[in-house]
Amino acid sequence: MVIEQRNQRAATVKPKSKGLTGQLKRTWVLYLFVLPALLYIAIFNYAPLYGIQIAFRDYKPMDGIWGSAFVGFKHFKTFFTSYQFWDLLRNTLVISTYSLLAGFPIPIVFALLLNYLKSGRFRKVSQMVTYAPHFISTVVFCGMIFIFLANDGIFNQVIGLFTGRSVDFIGNAKGFKHIYVWSGVMQGMGFNSIIYISALTAVSPELHEAAIVDGATKLQRIRHIDLPAILPTAIILLIMSTGQILNVGFEKAFLLQKPINLQYSEIISTYVYKIGITKAQYSYSTAIGLFNNLVSFIVLVIVNKISSQTAKISLW
Amino acid sequence: MTHAKGSSRHGIRETKADRVFDVIVTILVALITFSIAYPLYFIVIASFSNPDLVASGQVILIPKDISISGYTYIFRDPRIMTGYLNTFLYTVLGTVLALCITIPAGYALSRRDMLGRGIIMKIMVFTMYFSGGLIPSYLIVKGLNLVDTRLVLIILGSFSAYNLIICKTFYESNIPIEVQEAADIDGCSIPRFFFSIVIPLSKATIAIMALYYAVAHWNDFFNGLIYVNKQALMPLQLFLRDILISGHTLTNSNTADPEQLLNMQRIARTIQYGVIIVSSLPILVFYPFIQKYFVKGVMVGSIKG
């Protein structure tokens, strides 16, 4: 029966899909399937690319894009020579590099910990709990940060118990980066470990059994079996995060900003929002945004190139 | 698990170093789990407790002097109701729209007989790595007269290349080419094949996609901030910012009674705890059931990033 069908198929399918036109005739409807998605990205992802040119013009909504005067790199020069430039770049780089240094290895360590946990039930509970913060909205999460770090918050109640004093976490502008990064680690650690856990479960148990027979300790098994197994995943994620090196999450930085910490918490994306949306300086803020996105993209391409040549792992 | 079984099967006793290792692993995981679970738990008990006892640090393990005064204020606040209804609407419609866009596209792009699917994928994936930026996007939305409409909060976020990849990867590995070829021979059209074979086979993926999009819509703050100024259209997250971040705890609820105002200031924190619970409720309720789907989604997506 099966064989008969196969033969029939071989006989009927071939002439049907003769040449490109035949195939198109048969599958044209697939393009209708993709059409809504293409329309969406055409309008909301690609049309804005066309609008980037206002970074090189003095855009006035009345005159339209083409009617506005062309000014070349004027806005870029203004930005690079403005007094905020170095502060913005420094804050953005400090926060993102710090986030990367803490946020990249910790999920790996956590995945290894979970993987070596003996009690399966405990592992399930721990996963359930640690994935949860990922689903809390940024607004609520930032609200919780403020509540817990407030002068009457839980941290200060504990600190007060031991020292009798209280620490002004929120008022300490230099502490902004620590709050930003470590709360982020807490929020993402569990969920970001999933991908590594799935890589670890793909490791053949026989490898571990052989290692045990050879007398390898668990630390040696981690070093020689588990780490090599998750390396490709880790490299891909590392490439992707370096591409985000200037794209510190807008929402969280914006919501955690207070006048008192602005010197250290103002980053490129929040500045773009304030200049562009609040003050309606469209061209200037488009130029800043373009600078940001270009640098990110170039970094991503370079890192990906290095990775594909040295480790043979590439994003595309 | 398999490792532990393996070692006992071979009858090799664990070394002392390994036992120390196990203890350290257990302690670390317990500490991490506790430090995430406790703050969440604390919010819950604090929202039900007497504000004075919470402020003086007496509510630690169980709610004390249980009161729902915070919740009473919350449900009387018109902002919460408006935000809740708006966000509910945006989430439901936005998710339906997102599924209608993503699922067919994911299926089409998974078919090897679709000409040019490689190029189309590249066009899609490029959007993950480069964007026009805030202002050009804003001007497009403005040009379409979508600023200050409900439509913009439904449409935006209704497609993501990342979700498309997950979807496509699933179909590539779960719809056997033989089934499709057999359908071709029987003269089953592609749309009919899609609706009567592919959709029923991919309920799990559709659930994952729905959850991803629904959570993103529910938690969305950015699009509301940028594109909506009218109070009546604002999503919940914007009102939450008022209450949780800016500290405007229910000052809009029209009362001039000074005693009541004073009382409200006293329980401002309780209100904040309650607001956190109320706003996260839909996710809290479904979370235990949907958690495994999220995990599944990450795993499918990780096969090919």
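The values are calculated or read from the model by the stated rules, or taken from the named source; none is laboratory data. Because the structure is a prediction, the values reported are computed rather than measured. Using ideal geometry, Cβ is built from the backbone for each residue, glycine included, and neighbour counts are taken over all protein chains shown. Ligands, DNA and RNA are excluded from the accessible area calculation, which covers all protein heavy atoms including side chains. Shrake-Rupley method; radii C 1.70, N 1.55, O 1.52, S 1.80 Å.
Observations on the model:
- Residue of B:LEU284, B:LEU211, B:LEU236 that the Gaussian network model of chain B assigns the largest fluctuation, springs spanning Cα pairs under 10 Å: B:LEU284
- Computed over protein heavy atoms with a 1.4 Å probe, the carbon and sulfur contribution to the accessible area of the protein assembly as shown reaches 68%.
- Sites A:LYS174 and A:TYR83, calculated FRET efficiency, Cβ-Cβ separation with R0 22 Å, nearest 0.05: 0.65
- The gain in end-to-end length when the A:MET240 to A:LEU35 segment is fully stretched comes to 71.0 nm, 0.36 nm per residue minus the alpha carbon separation.
- The orientation-averaged shadow of the Cα convex hull for the protein assembly as shown, equal to a quarter of the hull surface, comes to 35.2 nm².
- Semi-axis lengths, Å, chain B, gyration tensor of Cα atoms, sqrt of 5 times eigenvalues: 42, 34, 16
- Those residues of segment A:115-151 for which accessible area with every protein chain present is at least 50 Å² below the isolated value (1.4 Å probe): A:LYS118, A:PHE122, A:MET128, A:VAL129, A:PHE135, A:SER137, A:VAL139, A:VAL140, A:MET144, A:ILE147, A:PHE148
- Among A:GLY190, A:LEU294, A:TRP86 the positive-end extreme of the charge dipole of the protein assembly as shown (Cβ point charges): A:LEU294
- For segment B:1-148, the equivalent ellipsoid built from the Cα gyration tensor has semi-axes of 44, 39, 15 Å, listed from largest to smallest.
- Chain A: most fluctuating residue of A:ASP168, A:ASP226, A:ASP214 per GNM, C-alpha cutoff 10 Å: A:ASP214
- Extension gain, B:SER189 back to B:TYR162 (0.36 nm per residue minus Cα-Cα distance, nm): 6.9 nm
- Over chain A, DSSP H runs of length four or greater, each weighted -39,500 (n - 2.57), average out per residue to a 222 nm ellipticity of -21500 deg cm²/dmol.
- With DNA, RNA and ligands ignored, accessible area of B:ASP65 (1.4 Å probe; Å², nearest 10): 90
- Charge-dipole axis of chain A as Lys and Arg at +1 and Asp and Glu at -1 on Cβ define it, positive-most pick from A:LEU101, A:LEU32, A:THR21: A:THR21
- In units of the compact-protein estimate 2.2 N^0.38 Å, segment A:200-316 shows a Cα radius of gyration of 1.62.
- Residue by residue along B:287-296, Cβ atoms of other protein chains within 10 Å of the local Cβ number 3 on average.
- Whole-percent P(r), segment B:174-249, all Cα pairs, 5 Å bins from 0: 3, 13, 15, 13, 9, 8, 7, 8, 8, 7, 5, 2, 1, 0.
- Nearest-10 value in Å² for the accessible area of B:LYS64, using the 1.4 Å probe: 80
- Computed label-point distance, nm, for sites A:PHE155 and A:LEU20 using a 7 Å Cα→Cβ extension: 6.2
- Interface area, B with A, accessible, probe 1.4 Å, both sides summed, Å² nearest 100: 9200
- Per the Debye formula on identical point scatterers at the alpha carbon atoms of segment A:109-181, with no solvent, log10 I(q)/I(0) at q = 0.20, 0.27 Å⁻¹ is -0.92, -1.11.
- Radius ratio Rg over Rh of segment A:60-170, counting only Cα atoms, Kirkwood formula for Rh: 1.19
- Computed from the alpha carbon positions, the gyration tensor of segment B:131-171 leads to an equivalent ellipsoid with semi-axes of 26, 13, 6 Å, biggest first.
- Between A:SER166 and B:MET81, the FRET efficiency from the beta-carbon distance, with R0 = 35 Å, is close to 0.45.
- Among the listed pairs A:LYS118/A:LYS218; B:LYS122/B:LYS168; A:LYS74/B:LYS142; B:LYS122/B:LYS203; A:LYS77/A:LYS252; A:LYS77/A:LYS258, those whose Cα-Cα separation exceeds 18 Å are A:LYS74/B:LYS142; B:LYS122/B:LYS203; A:LYS77/A:LYS252; A:LYS77/A:LYS258.
- For the protein assembly as shown: accessible area per residue (Å², 1.4 Å): 48
- Cut-off 15 Å between beta-carbons: net charge of the residues surrounding A:PHE73, Lys and Arg +1, Asp and Glu -1: +2
- Length gained on full extension, B:PHE130 to B:ILE60, computed as 0.36 nm times the residue gap minus the Cα-Cα distance: 20.5 nm.
- Most positive-pole-ward Cα, B:HIS217, B:ILE66, B:CYS167, against dipole of chain B from beta carbon charges: B:CYS167
- Relative intensity, log₁₀ I(q)/I(0), of segment B:67-187 from a Debye sum that treats every alpha carbon as a point, q = 0.09, 0.12 Å⁻¹: -0.44, -0.67
- More than 25 angstrom apart: percent of Cα pairs within chain A: 68
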